[in-house]
1. What's the number of the only condition in (1) touching a residue at least 24 places away in the same chain (Cβ under 8 Å); (2) open to solvent by less than 50 Å² (accessible area, probe 1.4 Å); (3) within 31 Å of the chain's Cα centre (by Cα) that Tyr28 fails to meet?
2. Would you pick out the residues in segment 167-193 that are open to solvent by less than 90 Å² (accessible area, probe 1.4 Å) and acidic (Asp, Glu)?
3. Only one of these is assigned to a helix (DSSP H, G or I), aromatic (Phe, Trp, Tyr) and within 39 Å of the chain's Cα centre (by Cα): Phe40, Phe55. Name it.
4. Taking the options Glu91, Glu101, Glu59, name whichever one is modelled with pLDDT under 80 and not basic (Lys, Arg).
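The values are calculated or read from the model by the stated rules, or taken from the named source; none is laboratory data. Predicted, not measured: the structure shown is a model, and the values here were computed from it. Here the Cβ positions follow ideal geometry from the backbone for every residue, glycine too, while neighbour counts run over all protein chains shown. Please note that ligands, DNA and RNA were not included when accessible areas were found on the heavy atoms of the full protein model with its side chains. Shrake-Rupley method; radii C 1.70, N 1.55, O 1.52, S 1.80 Å.
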Amino acid sequence: MEKLSDLELIELTRQKNSDALVELCARYQPMIRGVIRRYFLRSYDYLDWQQDAMFICYESAVLFDENMHVRFGGFFQLRFLQHAKSLVRFELAKKRAPYSEALSLESQVTPSKKIRDKIIKNDVFMISESSASDVNITQLEMYIDELSLTELVAFRMNIGVVTQAEALKILDCTPTQLIAARDRCRQKFKKIV
């Protein structure tokens, strides 16, 4: 088997000769080890990589077309690299999955209904008294109802009910967090207008 060319080994592999496949895969071990060193997968060990390399080598031998003027080594290397990248992408996607289900603390902490109703009524009254334009009070109440506690305090700061210092003291947050909450309020308000 060692004296056969790559094309002869490929042809024998297509005929399901396992010895030819083993020999073909052995010829490309330096490339296989290079890929293994290049990509780390927590759930893969050396034997898993070798098994995948053998499978990709078989698939490459079956798909290889010598009329395309491409060497088998380059074709096999490209397919094995693509396989390794796909495995890495899959592992990273599994790593990120818990983050997509995460909820912010703000959405979990809501003020009591009594306090929230009092704040809403005061703010809506203040806006409707000070605004010369037509304000849809129902929409405004729905808007305020959708705000988190942090956003509600930032909203009160926006309309002048509390100062920035008071808002920072109430929320016990940084000025950057308060500015971010203020910006979220404005974005939500633009959606209802």
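1. Answer for Tyr28: the failing condition is (3).
2. Asp183
3. Phe55
4. Glu101
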